[in-house]
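The structure appears right after this line, and notes come after that.
Please treat every number below as a calculation from the coordinates, not as lab data. Please read these numbers as outputs of a predicted model, since none were measured by experiment.
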């Protein structure tokens with residue numbers, strides 16, 4: 001009877017060890033949240049939202065770096081800037097947008 005108990009205990013310990021080795025990894029990468037963008041219609045134009053999963057991170061109703069409250073003139077412009085912001089967040093750089101970046105992306109800015 002003692003011999004059977006030792007065999008069962010050994011099998012149980014070996015099984016737990018194998019489970020741990022196959023299911024747990026110390027080298028797993030930490031998964032980053034999935035970032036997504038949505039273009040939104042605002043008064044007189046467009047803006048964008050950036051989500052991490054279901055959590056709203058950014059609600060941008062106006063063109064960043066531009067004086068006043070000027071919305072994007074097209075959904076395409078809003079989408080281009082939102083994509084750049086997501087790229088900056090993923091690269092762990094400041095998500096600030098500059099006037100030069102807006103000009104480089106050919107974002108329509110009224111009065112300029």
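What length, rounded to one decimal in nm, is gained on full extension from residue 74 through to residue 88, with 0.36 nm per residue of separation minus their alpha-carbon distance? Please report the intermediate quantities before stating the final value.
Working: separation 14, 0.36 × 14 = 5.04 nm, distance 2.18 nm.
Taking residue 74 through residue 88 to full extension adds about 2.9 nm, to one decimal.
Gain in length, residue 38 to residue 56, computed as 0.36 nm per residue apart minus the alpha-carbon separation, to one decimal in nm? Mind showing how you got there, number by number?
Values: separation 18, 0.36 × 18 = 6.48 nm, distance 1.04 nm.
Stretched fully, the residue 38-residue 56 segment lengthens by 5.4 nm.
Assuming a ≥ b ≥ c are the square roots of the Cα gyration tensor eigenvalues, decide whether the stretch 35-104 counts as rounded (a/c under 1.5), prolate (otherwise, with a/b larger than b/c) or oblate.
On the way: a/c = 1.89, a/b = 1.18, b/c = 1.60.
Oblate, because a/c is 1.5 or more while a/b does not exceed b/c.
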